[in-house]
Amino acid sequence: MLRKVRRREMIGMRRINRNTAIEKNMWFHLGSNCCIQFHYALKRMNDLCREHVDNNFNPLPAACAGEFLPVRDRVVALLERAGAHRVRDVSECAESEAVRARLVELQRIQMDRIQEENSSINVSLVYLNLLQESLEIVSTLRHLLRASCSFQQ
């Protein structure tokens, strides 16, 4: 589906003024690549969690789940705002920096937990991967918003 959309967008780029197309080309491709990054990040999260559940299904500790759920909700809210075109500029999306900082903090906390506790290493790695991919989604969202703003100017 992404390939079909990208093909249609390329046809649209061919129909506009050549100078404008050259100017907008970089932002167009950056936005397109960001969409592909979202797809792959979600796919990696899904594959890892599915494999974990299929193999042993040790649940995530309550402390980890409790600290991750609010961050997950904030990431989803950011994506919904961006999808509804309510964010016009990266500077309007200052919350994404706070979410990013919280995800980095959670990664550090989990690394400390791994070194201190005798918890399941598999569950810890799944949680760390979840945090890393969530961080990647937030970073990709910022790149997409920047590309979108520059493309529309």
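Scan the stretch 53-66 residue by residue and report those that are closer than 16 Å to GLN107 by Cβ and either of a type in the set (Phe, Trp, Tyr) or surrounded by 17 or more Cβ atoms within 10 Å (Cβ to Cβ) (or both).
LEU60, CYS64
Where residues in the stretch 30-47 are open to solvent by 80 Å² or more (accessible area, probe 1.4 Å) and of a type in the set (D, E, K, R), which of them is nearest to GLN132 (Cα to Cα)?
Checking each candidate, the answer is ARG44.
Can you pull out the residues in the stretch 127-143 that are open to solvent by less than 20 Å² (accessible area, probe 1.4 Å) and among the hydrophobic types (A, V, I, L, M, F, W, C)?
LEU131, ILE137, VAL138, LEU141 - these are the residues of the stretch 127-143 that are open to solvent by less than 20 Å² (accessible area, probe 1.4 Å) and among the hydrophobic types (A, V, I, L, M, F, W, C).
Looking at ARG108, ARG72, ARG50, can you tell me which residue is within 25 Å of TYR127 (Cβ to Cβ), within 13 Å of the chain's Cα centre (by Cα) and either open to solvent by 80 Å² or more (accessible area, probe 1.4 Å) or among the acidic types (Asp, Glu) (or both)?
Values: ARG108 fails: within 13 Å of the chain's Cα centre (by Cα); ARG50 fails: within 13 Å of the chain's Cα centre (by Cα).
Only one candidate qualifies: ARG72.
The values are calculated or read from the model by the stated rules, or taken from the named source; none is laboratory data. For clarity, every value in this text was computed on a predicted model and none was experimentally measured. Cβ: placed from backbone, ideal geometry, glycine included. Neighbour counts: every protein chain shown. Note: areas computed on protein heavy atoms with side chains; ligands, DNA, RNA excluded. Shrake-Rupley method; radii C 1.70, N 1.55, O 1.52, S 1.80 Å.
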